Amino acid sequence: MTDIQQKMFAEMQNKSAFKKALDFGLKYVDESLTRNVYPTDEALEALKYFDEPLQAEPSDSLGIIEALNQYGSPATVSQIGGRYFGFVNGSVVPTGLAAKLLGTFWDQNTAMYVISPIAAKLENVVEDWLKSIFNLPAQTVAGFVSGTSSANLCGLAAARFRLLKNQGWEINQKGFLNAPPIKIIAGKEAHSTIIKAIGILGFGLDHIQFIDTDEQGRIKTELIPELDNRTLLILAAGNVNSGSFDKFSDICRKARDAGAWIHIDGAFGLWAGAVKNLAHLTDGIEYAHSWAVDGHKTLNTPYDSGIVMCADKEALTSALHMSGGYLVLSDDRDGMFFTPEMSRRARIIELWAILKYLGTSGIDQMVYGLHQRAKEFANELESIEGFTIMNEIVFNQVVVTCATDEITNQVIREIQDERVCWVGGSTWKGRKVIRISVCSWATTEQDIKLSVQSFKRAINKVAAIQTS
Ligand SMILES: *Cc1c(COP(=O)(O)O)cnc(C)c1O
């Protein structure tokens, strides 16, 4: 036995590093609801601890965990708490974190049934649950990927396979050179990961026909051109700024009848379909062919968790096909046919646990709560001189602007400096805006009040500087 082997057997036996990590983790949970949302300047400065060349000798396990806690924990962004409103980043449902913790010890690879029967089982179960939650066609299959970036890529790869196959062209075999043309139609505000996927898949950005969007960011239905079975139509459930939804019920049925492939980017918005009072927003999505949605945003699963769902199993699995003499395929679920990766961690564990924990009424309450908090945030800001709300609060997003782009930028900086909450900026409709995304189960009315107070101090400070 080598020295390093001996050392590792000892770690497995005494478990002190595991216990230490767990201790620190539990302490972190305690602080996560009240601590400064963004790391302090000192914490960021202290990160230089990590700048060192890799040493030759093995180091001490406890020391490693201690260093991570001492220098790493303070330099984390507290997304778990209730006052992080940046990007569209979810918190984490505690049971999901606990399930992930157990799953960490299992360290499963979800490539094939024979590699992890438990992961294959949970993926099958959750696939069924998701179909029912989102009211999707019975034949729909799901792939459990790292996020919507990957889910969009998979959905569009399935579309590429099917639209070309319809024209007698096998893309996997023949490639894109000399392939029959495909028309791509997307709203002008399609998410950057859609654009990225189209680039990666070789469609060429020049082949996208961008359609104007309305004042809420929705594709203008009346401007969508004649569709046919060589068209890929990309729609959005949840505009990344405003949270608005394309008018699926006006668009999807017709597009489907014309033979087009419809892909819906519903990274955070698709979950509106799971809420009684908001489900009208996703009416009509059931006519689409592929859907992308995140667990780690609205559903508050741990990172990283995204799902591609596709009503055309052959198209999805052909697009992501892989083969090799050593593969042991089963009649059960071999996850790698539904995702770009072969080896994958079992992110299904925490996704299953959270769905199981919440149940349909828990999901409804949690997601509707995000919507209610967003409305409160907007209402309170509206009453403060200097802030204007630019969007209808249909879901969890609030777009705020100040008198000038410069003031908006300064206000964002002041708010971020205070660290009571965290919001980011964006550009929307030609204006610099503050983008608020309420995406944490832990956000309370009190968190909204504290955050609004921070906004108020920020704009007063900027106004005072402006007039002095
Ligand atoms: C976040 C987001 C994505 C990308 O999802 P990731 O999970 O970050 O890969 C795509 N589309 C929309 C609308 C999003 O909000």
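The values are calculated or read from the model by the stated rules, or taken from the named source; none is laboratory data. If you're wondering where the values come from, they're calculated on a predicted model, not measured in any experiment. A quick note on method: Cβ atoms are made from the backbone with ideal geometry, for glycine too, and the neighbour counts reach across all protein chains shown. Just the protein is used for accessible areas: all its heavy atoms, side chains included, with ligands, DNA and RNA removed. Shrake-Rupley method; radii C 1.70, N 1.55, O 1.52, S 1.80 Å.
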* To do: For ALA374, work out the one condition from (1) of a type in the set (A, V, I, L, M); (2) assigned to a helix (DSSP H, G or I); (3) modelled with pLDDT under 95 it doesn't fulfil.
  => (3)
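Does ALA237 fit the bill of being open to solvent by less than 10 Å² (accessible area, probe 1.4 Å) and free of Cβ contacts under 8 Å to residues at least 40 places away in the same chain? Steps first, please.
Values: open to solvent by less than 10 Å² (accessible area, probe 1.4 Å): yes; free of Cβ contacts under 8 Å to residues at least 40 places away in the same chain: no.
Spelling it out, it is not the case that ALA237 is open to solvent by less than 10 Å² (accessible area, probe 1.4 Å) and free of Cβ contacts under 8 Å to residues at least 40 places away in the same chain.
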* To do: Please name all residue pairs, on different chains or six or more residues apart, with Cβ atoms under 6 Å, provided the first residue is in the range 370-384 and is closer than 16 Å to SER440 by Cα and free of Cβ contacts under 8 Å to residues at least 40 places away in the same chain and the second residue is of a type in the set (A, V, I, L, M) and open to solvent by 20 Å² or more (accessible area, probe 1.4 Å).
  => LYS375/ILE393
* Answer yes or no: is there a residue in the range 280-289 that is within 23 Å of GLY81 (Cα to Cα) and open to solvent by 40 Å² or more (accessible area, probe 1.4 Å). => no
* Conditions (1) open to solvent by 20 Å² or more (accessible area, probe 1.4 Å); (2) of a type in the set (Val, Ile, Thr); (3) farther than 20 Å from GLY81 by Cβ: number failed by THR408 -> (1)
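Within the range 160-169, identify whether any single residue is touching a residue at least 40 places away in the same chain (Cβ under 8 Å) and over 14 Å from ARG230 (Cα atoms), and answer yes or no. Can you show your working first?
From the range 160-169, those touching a residue at least 40 places away in the same chain (Cβ under 8 Å) are 160-163, 165-167; that's our starting set.
From the residues that got through so far, the ones that are over 14 Å from ARG230 (Cα atoms) too are none.
The answer is no, given that none of the residues of the range 160-169 is touching a residue at least 40 places away in the same chain (Cβ under 8 Å) and over 14 Å from ARG230 (Cα atoms).
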* Asked: Would you pick out the residues in the range 186-205 that are at pLDDT 95 or above and either part of a helix (DSSP H, G or I) or of a type in the set (Asp, Glu) (or both)?
  -> GLU189, SER192, THR193, ILE194, ILE195, LYS196, ALA197, ILE198, GLY199, ILE200
* Give the range 213-262 a look and list any residue that's away from the ligand (no atom under 16 Å from the Cβ), part of a loop (DSSP other than H, G, I, E, B) and of a type in the set (Gly, Ala, Ser), or say none. => ALA258, GLY259, ALA260
* Structure fact -> Selection from the range 184-212 of residues among the charged types (D, E, K, R), within 16 Å of the ligand (Cβ to nearest atom) and more than 14 Å from LEU223 (Cβ to Cβ) yields LYS196
* Those residues that are more than 20 Å from THR148 (Cα to Cα) and either within 16 Å of the ligand (Cβ to nearest atom) or open to solvent by 30 Å² or more (accessible area, probe 1.4 Å) (or both), I need them from the range 81-99; list them, please. => ARG83, TYR84, PRO94, THR95, LEU97, ALA98
* Return the residue satisfying two criteria in turn: it lies in the range 136-156 and is more than 24 Å from GLU350 (Cβ to Cβ) and open to solvent by 10 Å² or more (accessible area, probe 1.4 Å), and of such residues it is nearest to the ligand (Cβ to nearest atom). => PRO137
* Structure fact -> Subset of the range 64-80, residues assigned to a helix (DSSP H, G or I), touching a helix residue (DSSP H, G or I) at 6+ places or on another chain (Cβ under 6 Å) and either more than 28 Å from LYS7 (Cβ to Cβ) or open to solvent by 80 Å² or more (accessible area, probe 1.4 Å) (or both), comes to PRO74, ALA75
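Within the range 341-365, take every residue that is charged (D, E, K, R) and in a helix (DSSP H, G or I) and give me the one that is least open to solvent (accessible area, probe 1.4 Å).
GLU350
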* Structure fact -> Restricting attention to the range 419-468, the residues that are open to solvent by 40 Å² or more (accessible area, probe 1.4 Å) and assigned to a helix (DSSP H, G or I) number exactly 14
* Structure fact -> How many residues of the range 272-306 are away from the ligand (no atom under 13 Å from the Cβ) and among the β-branched types (Val, Ile, Thr)? The answer is 3
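Hey, any hits in the range 48-63 for a residue that's of a type in the set (D, E, K, R) and assigned to a helix (DSSP H, G or I)?
Taking the range 48-63 and keeping what is of a type in the set (D, E, K, R), we get 48, 51-52, 57, 60.
Pick out the ones that are also assigned to a helix (DSSP H, G or I) and you get 48.
Scanning the range 48-63 turns up at least one residue that is of a type in the set (D, E, K, R) and assigned to a helix (DSSP H, G or I).
Can you find even one residue in the range 161-183 that is in a helix (DSSP H, G or I) and within 16 Å of the ligand (Cβ to nearest atom)?
First pass over the range 161-183, keeping only residues in a helix (DSSP H, G or I): 161-165, 171-174.
Add one more test, that the residue is within 16 Å of the ligand (Cβ to nearest atom), and what stays is none.
Within the range 161-183 (the criterion being in a helix (DSSP H, G or I) and within 16 Å of the ligand (Cβ to nearest atom)), the answer is no, since none of the residues qualifies.
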